[in-house]
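Rule-based calculations on the coordinates, nothing more; no lab input. All values reported here derive from a predicted model rather than from experimental measurement. For neighbour counting, all protein chains shown are included, and Cβ atoms are generated from backbone atoms with ideal geometry for every residue, glycine included.
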Amino acid sequence: MTALIQLQDITKSFAGIHALTNVDFDLQAGEVHALCGENGAGKSTLMRVLGGEMRPETGRTMMLGEELRLHGPTDAIRRGISVIHQEMALAPDLTVAENIFLGALPAGISWPKLRERARALIARLGFDIAPGDQVSDLSVAHQQVVEIAKALSRQARVIVFDEPTAVLSTGDARRLLQIIRDLKAEGVGIVYISHRLDEIYEIADRITVMKDGRRVDTVTPASTPVDQLIRMMVGRPLAQLFGDKPETRIGDEVLRLNGLTLPNGVRDVSFAIRSGEVVGLGGLVGSGRTEVARAIFGADPVSSGEMVLKGAPYRPRNPRQAVRRGVGLVPEDRKGQGIVLDMEIRKNATMANAAPVTIAGFFRPGAERGLVQRLIQSLRIKLGSMNDPVSSLSGGNQQKVVLAKWFNVDPGLIILDEPTRGVDVGAKTEIYTLIHRLAAEGKAVIVISSEHAELFGLCDRVLVMGEGELRGELLPPDYEEEKLLTLSMTRRQPRAAGGQA
Ligand SMILES: Nc1ncnc2c1ncn2[C@@H]1O[C@H](COP(=O)(O)OP(=O)(O)OP(=O)(O)O)[C@@H](O)[C@H]1O
Ligand SMILES: [Mg+2]
């Protein structure tokens, strides 16, 4: 059978880094072919070649046995190849509908009609997003949905999903997997890139593993146990994903919230966290977790209720004040808030003024360099030089830089919003170890994650939110996904069980 797509002998390098070396890859119609490998392995670069965005030094792309000579992404789209990027590629100032049809405007159609079509495409994905909304006002999850709608609008024969579920909640991710199954049934060829191995096993017909810019092997899920796959990716067997939490002394109370209420719909949230604790915030996307985190960090205003930090009243008016009091936040939207893309890696990692925070005075620049070096090593950040811009890093490696920055400061309370999004399995383990180490050093850690396994593997207890309320708490004996979801969706009785505070 002639393959729908064949990439043959692809080689590509950037200023001395061999991103791809003689890679072969093929895709059949109606197949889901997963691509996995560590951060920086070359997955996105290979797909940029397929999408006509990058010209390789060697090799060629075949479609149904004929060579494709792509002159840029628009050309690829015309041939039916759509790449949904890991890093959002939407125009932030345009509306949802404008983004969906950008560059592929059907001729002679009115804007109201286009908006209607956009709405229908989004509804097909099971979401309700207003076509007239500006993209920059959407959550990252919704931006991702718009990207997918855009690919659907183009009737693509080949769709590449580059880590689509990294920003989606569990429910949304499930919906996306179903959409992929439907597309597959229609004969679309799908390349699926993800660090969530459970998804890959669920959906892939074949898996190609890449490492250091080379293809290691192409296997089927049925014939390859997951530990073997990990070994192929990481090049070493991986012990336990979550490791053991070191002996930690739970100390004094660090933060207490009493009836925290925010203008954005979060109501009456009360809980306390002690030094040495790792506390999870679980619940569906939109349940208010990020909002609570931002309020604690002084990034959003509080309408009523109080916060007490280490025994003293605490009401930061901006992140700078929060940082001064020893509170840190690794935000969910790192591209917007955590990182400066065209600044050097070294500066980003040690940075004193990452928007929106200024942490001047908090750093001792001399001592940092060695520290950053160690963090780069322990997080296995793959880079050419510390002086390269962050934008030259692969998606997952950018993520690690943001984390490095925060592991580098010394807060008493650190909030991590989706800390392992887009990070490979090996580095995940490292991040878990670092989080445990923070707790062992006596810090209080709050982790927000949409990966329930991650919350359960990492946290001493999990506070569950739903629709802006704190709906209860799970302790390890009750660590089950279903319990968490049920709790998150069960409305609280007025004035009953409002957390222990
Ligand atoms: N524009 C660029 N300039 C310089 N180096 C680049 C550029 N794009 C990619 N690279 C390098 O090429 C290598 C492969 O990157 P790529 O983005 O393909 O990795 P990936 O497998 O997609 O990783 P991740 O899982 O983190 O997304 C990395 O070392 C990366 O730093
Ligand atoms: Mg990538």
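Mark the label point 7 Å from the Cα of THR74 along Cα→Cβ and return the residues of the stretch 94-135 whose backbone N is within less than 14 Å of it.
Within reach of a label on THR74: 102-106.
Counting only DSSP beta bridges with both residues in the stretch 5-234, tell me the antiparallel percent, nearest 5.
Close to 55 percent.
Below 8 Å between Cα atoms, with a sequence gap of 6+, how large is the relative contact order for the chain in percent?
With pairs under 8 Å counted, the relative contact order is 16 percent.
When only C-alpha pairs under 8 Å and at least 6 residues apart count, what is the relative contact order of the stretch 146-215, in percent?
Answer for the stretch 146-215 is 35 percent.
Applying 1/(1 + (r/R0)^6) with R0 = 60 Å to the Cβ-Cβ distance of GLU186 and ASN318, what FRET efficiency is obtained, to the nearest 0.05?
0.75
By how many degrees, between 0 and 90 and to the nearest 10, does the Cα long axis of helix 140-153 differ from the longest principal axis of the chain?
Orientation of helix 140-153: about 20 degrees from the principal axis.
What full-extension length gain, to one decimal in nm, is calculated for MET489 and SER391 as 0.36 nm per residue of separation minus the Cα-Cα distance?
Working it through step by step, the gained length comes to 31.4 nm.
Can you tell me how much longer the chain between ASP93 and ASP478 gets when fully stretched, taken as 0.36 nm per residue apart minus their C-alpha distance, in nm with one decimal?
Answer, rounded to one decimal: 134.2 nm.
Output wanted: per-residue J couplings in Hz (rounded whole) for the stretch 461-470, from phi through Karplus 6.51 cos²θ - 1.76 cosθ + 1.60, θ = phi - 60°, x for Gly and Pro.
Using θ = phi - 60°, the values come out as 7, 10, 8, 10, 10, x, 6, x, 10, 8 Hz.
Put a dot 7 Å past each Cα toward the Cβ at ARG206 and ALA107; how far apart are the dots in nm?
Simple spin-label model gives 3.9 nm for this pair.
Once amide H atoms are built 1.01 Å from N in the peptide plane, which residues 5 or more positions from LYS211, or in another chain, come under 5 Å H to H?
Here the answer is VAL216, since their amide H atoms fall under 5 Å of that of LYS211.
In whole Hz, what ³J(HN,Hα) sequence does the stretch 298-303 give by Karplus (6.51, -1.76, 1.60; θ = phi - 60°), x for Gly and Pro?
Per residue, the Karplus-derived 3J(HN,Hα) values read x, 8, 10, x, 10, 8 Hz.
If I model a spin label as a point 7 Å beyond the Cα along the Cα-Cβ vector, how far apart are those points for GLN377 and ASP217 in nm?
In this crude spin-label approximation the distance works out to 3.1 nm.
Please list, ordered by chain and number, the residues whose modelled amide H lies under 5 Å from the amide H of ALA89; skip anything fewer than 5 residues away on the same chain.
Counting only residues 5 or more places away or on other chains, the set is empty.
In nm, give the distance between the simple-model label positions of GLU57 and SER303, each being 7 Å from the Cα along the Cα-to-Cβ direction.
Using points 7 Å along Cα→Cβ, the separation is 6.0 nm.
Could you tell me the distance between the Cα centroids of the stretch 59-85 and the stretch 107-157, to the nearest Å?
Value for the Cα centre distance between the two parts: 23 Å.
Hey, what do the phi angles of the stretch 131-136 turn into as Karplus ³J(HN,Hα) couplings, whole Hz, using 6.51/-1.76/1.60 and θ = phi - 60°, x for Gly and Pro?
Once θ is set to phi - 60°, the couplings for the stretch 131-136 become x, x, 5, 7, 4, 5 Hz.
Counting only DSSP beta bridges with both residues in the chain, what percent are antiparallel, rounded to the nearest 5?
55
Grab the Cα-Cα distance for ASP137 and GLU441, subtract it from 0.36 nm times how many residues apart they are, and report the gain in nm with one decimal.
Roughly 105.6 nm would be gained on extension.
Just to confirm my numbers, what's the Cα centroid distance between the stretch 215-287 and the stretch 4-35 in Å?
Comparing the Cα centres of the stretch 215-287 and the stretch 4-35, I get a distance of 32 Å.
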